[in-house]
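The values are calculated or read from the model by the stated rules, or taken from the named source; none is laboratory data. Quantities reported herein were computed from a predicted structural model and do not represent experimental measurements. Note that each Cβ is placed from the backbone with ideal geometry, even for glycine, and that neighbours are counted across all protein chains shown.
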Amino acid sequence: MAKKLLMGNEAIAFGAMRAGVSVVTGYPGTPSTEVLETVAKHNDGSIYVEWSVNEKVALEVAAGAAYTGARTMVTMKQVGLNVASDPLMSLNYIGVKGGMVIVVADDPGPISSQTEQDTRHFGKFAKLAVFDPSTPEEAYTMIADAFDYSEKYGAPVLFRPTTRVCHSCASVEMLDNIPKKELEGFVKDSRWVIFPKLTYTKHIKIENNLKEMSDDFSGYEGNVLTGSGRKGIATGGVSHSYVCEVLKNTSAEHKLLKVSTIPFPQKLALSFLQGLDEVLVVEELDPVIENELISLCGLHSLKIKIKGKLTGHIKNAGENTVESVSGPIREFLGEGFGETSAHSKQADTLESKQLLSTQLEQPLPAQLEQTPPTLPVRPPVLCAGCPHRASFFAVKEATKGMNAVYSGDIGCYTLGNAMPLDMVDTCLCMGAGITIAQGLHRVEPDRINFAFVGDSTFFHTGISGIINAVYNQTDIIVVILDNSTTAMTGNQPHPGLGQTMMGNISDKISIYDVVSALNVSMIVRANPFDLKAAKEAVNAVVDKKGVRVILYEAPCIAVSKGSGRYLVDNDKCTGCKVCINKLGCPAIEMQDGKAKINPTLCTGCSICEAVCRIGAIRGENL
Amino acid sequence: MMNCMIAGVGGQGTVLASKLIAAAAMRKGFDVRTTETIGMAQRGGCVVSHVRIGSNISSPLIPLGSADAIIAFEPAEAVRVMPYLKEAGVLILMDTAVKPVASSLTGDSYRTSDMIDYLKEHVERLVVINGQQLLTRCGNAKTLNVALLGTAIESGIFPFGNKELEEAIKELLPQRFLEINLTSFEIGRDMYNGN
Ligand code: SF4
Ligand code: SF4
């Protein structure tokens, strides 16, 4: 069949559809989001797809579906698995009937995450198999293997791509669909009810399975041993592609082991180790393959030097690149690399971290003959016209001079921490703004504690924090920033909107009604772009007691049409920069001593008009 | 083998530009590998796409010093990715500066001319497109990515032709934005040829 240009996440989705997946659940999170979206987009109606309210819920829904014999897939980012770890741990003891694949995307770098955790550990901890694809092409076929293994061992399996697999595109050879099996349905049986006694017998089975899987995986096509010699390189995931890129330029003899699975394919690894003096392990995140090789050498009394992250040969944080692995590989193999051009030699000396400054903020060092001009730092910012800017600004103005702490949460609004808003003092994980604020307030009751939470995060894990605050009588102010979407991950719907991934409209769940039902002491709602009303909302609650809620409602600019444009009257503008210094809207910049609004960015949100004291800013058509 | 990098600021449409290049290359029968910056940086941060065309490519990331061409949507971002350019590589630059909020605040904004002078000195083949003029002619900032691809194709950097790229645009863009994008594509081509 034909080749198709697919992003890794699309390849996973098409691979799963090819393998006959019939239920797909998940919660959005970079870099995993497009997997579920792709299934929904290409669904002929035979697959059930949902954005669940959080990852724990998603995993449980998919598990229930897999009890019937259906093939199911769950998608999330690495930190989502922390939320879903409770059902994950027990589910292995219960097992599944239909193949169940839990896609968990890791994010080395990290490029868009709060941790650099390695999901392969979760596999080992939960005693589950993990598949680790190295390219979109491999992901496309490997996901079908993952379903097969899940059914063969009656247990869910983890599928762990990383950002550079998820968000890379490649030409993928599309294959014919795999015929679906007949569905047996849920059959009542004591095996579905977890009890200590059952757990003990299952634990024995799990341990046996792990041994069997390790043997099985020694013959798995994703685990590959090539080459010969006394030096060996072991790698896996996207690092395999960087290693191959470097090895293209060498004539030095070496063995190469690519590992794509947990349990570790011990037999294959033993034949790799046979006759080697030393090994270099190249992998991202944690030294998982490295530790497996070390323990194998110990078990078999092999005297082989294993080099990698633990010995400082490979960096232990951030993502790998061709450059970051090229130096260690050249040093390890020692010979057989042709003379390199002056340019690429210079390139080699560059620390990979500095290389990353294409994504980070610091300028690159001089590495062409002349120092380049100092480069601007360019951290991400809230969009021009973002309602969060207005909300943060209103709270900031209304609480000026007060002894307040502002807890933030996960979403676009984390960017409210940047100057000039500077309104996010804490950010930990999904839903934690509300609860961290409670902890802070317990110890320092004289301070005013604000907690900002987005609409999607409110449904994810925010509600339980509010219940806790009400139950335990904590004095906090929860500010719900309802922008009618899950913005950071690219505008997914949530329970407050009523749209589902099956194209239906369900009843909208009103955040206002939910919060009212929770017995909070006060609840006020306002449009944040109406600065006066937005500030009054704060004034109304700030000196009261109990759990007070401000609900700011205005849609994200990505899901709404702007309401016109604003202009600066050049004659009136004194160049005081107040608008810039207070709001930091990316549409406003200084030009020849006057503020100027970029008409292609401005959405007409109007808050700069309210900020300009001399009235130099006005709507275009006014 | 051909390596092309696209550098810009989140929101400028670099991801679509790289998809179009990849799709056009595939139409010509090449294999491709790309990688993108997706996530938080898309809110006005630095974004870079790597597009690699040809067989036997392992890494989705272009190694330093090996980009045959860079298409930069912003002068400072062009300078930032310069270490990727081959010695004889081509750099296509749209010269409109996007001033980061941070530098508007501190006031130590960079001078666009410093960036361009530096590039002129270090790039053998530098194609500078007047961004203001391009925007005026296209009339819509959202189509500048496609316009720049028009400029790029005229500069002869791609191993495929106008036809493949146009087909890719038709394949990937939604119907309602097609016409305006095809017009911008033509304008971008004209701008290269000095019209
Ligand atoms: S995408 Fe929406 S919520 Fe996110 S910064 Fe932009 S306007 Fe704000
Ligand atoms: S109205 Fe003012 S604050 Fe709002 S988007 Fe336009 S320039 Fe920015």
Restricting to the stretch A:562-589, name every residue that is within 10 Å of ligand 2 (Cβ to nearest atom), more than 14 Å from chain B (Cβ to nearest Cβ) and either more than 30 Å from residue A:496 (Cβ to Cβ) or buried (at least 19 other Cβ atoms within 10 Å of the Cβ) (or both). A:566, A:567
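For the stretch A:106-192, list the helices (runs of 4 or more DSSP H) that sit wholly inside it and hold at least 2 residues that are small (Gly, Ala, Ser) and in contact with a strand residue (DSSP E or B) (Cβ under 7 Å, 6 or more places away or on another chain); which are they? Write out each step before concluding.
Numbers: elements: A:119-126, A:136-153, A:163-166.
By residue number, A:136-153.
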How many residues does the stretch A:319-340 hold that are within 27 Å of residue B:76 (Cβ to Cβ) and either more than 13 Å from chain B (Cβ to nearest Cβ) or modelled with pLDDT under 50 (or both)? 0
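Do we find that residue A:537 is under 19 Å from residue A:475 (Cβ atoms) and assigned by TED's automatic domain parsing to the domain that holds residue A:493 in this structure? Spell out how you get there, then give the answer.
Values: under 19 Å from residue A:475 (Cβ atoms): yes; assigned by TED's automatic domain parsing to the domain that holds residue A:493: yes.
For residue A:537, the condition - under 19 Å from residue A:475 (Cβ atoms) and assigned by TED's automatic domain parsing to the domain that holds residue A:493 - is met.
I'd like the full set of residues that are part of a loop (DSSP other than H, G, I, E, B), within 16 Å of ligand 1 (Cβ to nearest atom) and among the β-branched types (Val, Ile, Thr), limited to the stretch A:601-622.
Our first condition is that a residue be part of a loop (DSSP other than H, G, I, E, B); within the stretch A:601-622, this holds for A:601-606, A:612-616, A:620-622.
Narrowing further to those that are within 16 Å of ligand 1 (Cβ to nearest atom): A:601-606.
Scanning the stretch A:601-622 gives a single hit, A:603.
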Within the stretch A:1-62, strands (runs of 3 or more DSSP E) holding 1 or more residues that are among the acidic types (Asp, Glu) and either in the same structural domain as residue A:76 (by TED's automatic domain parsing) or under 16 Å from the mean Cα position of the chain (by Cα) (or both): A:48-51
Every listed condition ((1) buried (at least 21 other Cβ atoms within 10 Å of the Cβ); (2) within 13 Å of ligand 2 (Cβ to nearest atom); (3) more than 26 Å from residue B:139 (Cβ to Cβ); (4) of a type in the set (Val, Ile, Thr)) holds for residue A:549 save (2)
Scan the stretch A:92-118 residue by residue and report those that are surrounded by fewer than 24 Cβ atoms within 10 Å (Cβ to Cβ) and under 18 Å from residue A:54 (Cβ atoms). A:113, A:114, A:115, A:117
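Could you tell me which of the residues A:301, A:295, A:391 is within 16 Å of ligand 2 (Cβ to nearest atom), among the small types (Gly, Ala, Ser) and modelled with pLDDT of 95 or more? Show your work before the answer.
Details: A:301 fails: within 16 Å of ligand 2 (Cβ to nearest atom); A:295 fails: within 16 Å of ligand 2 (Cβ to nearest atom).
Testing whether each residue is within 16 Å of ligand 2 (Cβ to nearest atom), among the small types (Gly, Ala, Ser) and modelled with pLDDT of 95 or more leaves just A:391.
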From A:541, A:559, residue being away from chain B (no Cβ under 14 Å) and assigned to a helix (DSSP H, G or I): A:541
Those residues of the stretch A:569-600 which are in contact with a Cys (Cβ under 8 Å, 6 or more places away or on another chain) and within 16 Å of ligand 1 (Cβ to nearest atom) amount to A:583, A:585, A:586, A:587, A:588
Restricting to the stretch B:33-49, what's the tally of residues that are more than 7 Å from chain A (Cβ to nearest Cβ) and either surrounded by 24 or more Cβ atoms within 10 Å (Cβ to Cβ) or over 24 Å from residue B:96 (Cβ atoms) (or both)? 2
The residue that is surrounded by the fewest Cβ atoms within 10 Å (Cβ to Cβ), considering only those in the stretch A:401-427 that are among the hydroxyl-bearing types (Ser, Thr, Tyr) and more than 16 Å from ligand 1 (Cβ to nearest atom), is A:426
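Quick one: in the stretch A:590-622, of everything that is β-branched (Val, Ile, Thr) and within 14 Å of chain B (Cβ to nearest Cβ), which residue is farthest from ligand 2 (Cβ to nearest atom)?
Step one: of the stretch A:590-622, the residues β-branched (Val, Ile, Thr) are A:597, A:600, A:603, A:607, A:611, A:614, A:617.
Subsequent filtering for residues that are within 14 Å of chain B (Cβ to nearest Cβ) retains A:597, A:600, A:603.
Numbers: A:597: 5, A:600: 11, A:603: 5 Å.
Restricting to residues being β-branched (Val, Ile, Thr) and within 14 Å of chain B (Cβ to nearest Cβ), the top hit is A:600.
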Of everything in the stretch A:250-292, what is without any contact (Cβ under 8 Å) to a residue 60 or more places away in the chain, closer than 25 Å to residue A:161 by Cα and assigned to a strand (DSSP E or B)? Give them in sequence order. A:255, A:256, A:257, A:279, A:280, A:281, A:282
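Looking for something β-branched (Val, Ile, Thr) and either in contact (Cβ under 8 Å) with a residue 60 or more places away in the chain or within 16 Å of ligand 1 (Cβ to nearest atom) (or both) - is there at least one such residue anywhere in the stretch A:516-523? Write out each step before concluding.
First, pick out the residues of the stretch A:516-523 that are β-branched (Val, Ile, Thr): A:520, A:523.
Those left that are additionally either in contact (Cβ under 8 Å) with a residue 60 or more places away in the chain or within 16 Å of ligand 1 (Cβ to nearest atom) (or both): none.
Taking every residue of the stretch A:516-523 in turn, none turns out to be β-branched (Val, Ile, Thr) and either in contact (Cβ under 8 Å) with a residue 60 or more places away in the chain or within 16 Å of ligand 1 (Cβ to nearest atom) (or both).
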